[in-house]
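Only one structure is covered here, and it is reproduced in the block below.
Rule-based calculations on the coordinates, nothing more; no lab input. Everything numeric here is computed off the predicted structure, so don't read it as measured data. With ideal geometry, Cβ positions are generated from the backbone for all residues, glycine too; neighbour counts draw on all protein chains shown.
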Amino acid sequence: MWLFSYLAILVPGAIIGEFLFSLAILSLVGGALVAGRHDHGLNAAAPGVVRGVLVGLVAAVLNLIVVASLLRSEMAGGLGWIIGILVGCVICGGIGGLIGGAMKPWRTDGNWLSIFCWVAAGLTFFMIVTGGVVTGFEAGLAVPDWPNSYGHNMLLYPLSEMVADPDSGVFFEHTHRLTGMFVGLTAIVLCITLWLGDSRMWVGLLGVLVLVLVIAQGVLGGLRVTGVLTMSQDAADLSPNTLIAIVHGVLAQVLLAIMAVVAAVTSTRWRRGGLSIGSGRLATDRQLAIVFLVVLLIQLVLGAAFRHLDTEIGPRAPAANHALLGHIVVAVFVMVLGVFVGLRGSSLEGRDRVFVWLGRTLLISIGLQILLGLGAVAAVLSRPEEGTTADVPAWEVLLTSGHQANGALLLVLSLLLVAWYRRVKDDPMAAIA
């Protein structure tokens, strides 16, 4: 719902906007339909419509996190909007649950703990995308204070001000903050769920690690804007920090990769074990996967450095040019090594399907990354140096943010390969998995 609503505001034109908003509503109805049709879980004894209503209530609470500012806004009928959202979500959920309950029951033994971990990772990926859009439109300092937003509590910042000036960048920056807050809430639930739903202590500790990283990420995001811990909006008290911005961007991608590993280790396939690498050599595969992961991390740091230095100190500045040159050079190593690792994982005879899928996906992602990277470099270098933030074309942001987002997915795939190779045969955690 948040993704479609975000796009509905971004895309100009009433027709496309209304279509995307309709998809946001349908996503809620679809989620309730799944709950109404699925006959396992905590509420299995309840009718489908009741389960759908519960889905609607959950969605309403999450949506109210965003629109709670209506209670203090100058928009007429703020309380009416709150009640309308609550009632609307419940009705949509009830309709989906009613439809799902009337369908043939969907009986599955799906691993819902692992599925929830993937959902949490998906939300984190959404946060990375919104952060990439913020950097792309050079809107990282559109809201000067933190944890407040122009003196307002972050959750109570008026929506009317948030969307008042599309060229100010406030919408992009504040949406990224709200998405980060959503990730924080999800990380808390994830940590608790892992301790309650998995008997392995090290998995619970992974949940704690995720929560700690999310908290650190939030603090870094705030310090990137203010430079120091302060509630002031006065520019004299603030010192935006580019180095923290780079660390903030890279850490978000590391967090996403770790969340993906949590989803993998809670999966049924991981618990079952018995993985095979066919005709390959396990030691070689492990070493190649680790080397690829390290090189990719270096590449992501250089990419983040270029994006932020280019924004903070001006287009084609020497420091930004050096970061770009290093990013391009290391990209060659990433491409060659990634293709080799991907081919080895997907083509050697007798490989488990996990490695085949990871290898093929890695090859596709590398090809896409090359295309996006070439487009992003061309777009950035072709923009006039005297251009302002408002002059940043949407197609440039699409290319640069897409390149960053796909880079995060490459990191996910590389860390998953390291983890799955560690799970084969002599995995030291196999005895307790």
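Values computed for the structure shown
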| read-out | value |
| --- | --- |
| Cut-off 11 Å between beta-carbons: net charge of the residues surrounding Arg344, Lys and Arg +1, Asp and Glu -1 | +1 |
| Protection-proxy order for peptides 120-128, 155-163, 354-362, each taking the mean of Cβ atoms within 10 Å per residue, highest first | 120-128, 354-362, 155-163 |
| Potential extension, Leu209-Leu26 segment - 0.36 nm per residue separation minus Cα distance | 62.4 nm |
| Relative contact order (%) - criterion: Cα under 8 Å, at least six apart; region: the chain | 15 |
| Size of charge dipole - region 112-272 - debye, nearest 20, with Cβ of Lys, Arg +1 and Asp, Glu -1, no other charges | 1080 |
| Long-range HN-HN contacts of Trp106 with modeled amide H, under 5 Å | His38, Asp39 |
| Cβ charges +1 (Lys, Arg) and -1 (Asp, Glu), total dipole of the chain, debye | 2080 |
| For the chain, calculated [θ]222 nm from helices alone, where every DSSP H run of n ≥ 4 adds -39500 (n - 2.57) | -25000 deg cm²/dmol |
| Three-way shape call for region 227-291 based on the alpha-carbon gyration tensor, with the a/c threshold at 1.5 | oblate |
| For the chain: rounded, prolate or oblate by the Cα gyration tensor [a/c cutoff 1.5] | oblate |
| Dipole of region 86-212 [Lys/Arg +1, Asp/Glu -1 at C-beta], most positive-end residue of Gly122, Gly94, Gly197 | Gly197 |
| Positive-end residue of Leu3, Ser279, Met259, charge dipole of the chain with Cβ unit charges | Ser279 |
| Region 112-272, relative contact order [Cα under 8 Å, separation at least 6], % | 32 |
| Trypsin sites (Lys or Arg not before Pro) restricted to DSSP loop in region 201-289 with at most 16 other C-beta within 10 Å | Arg281 |
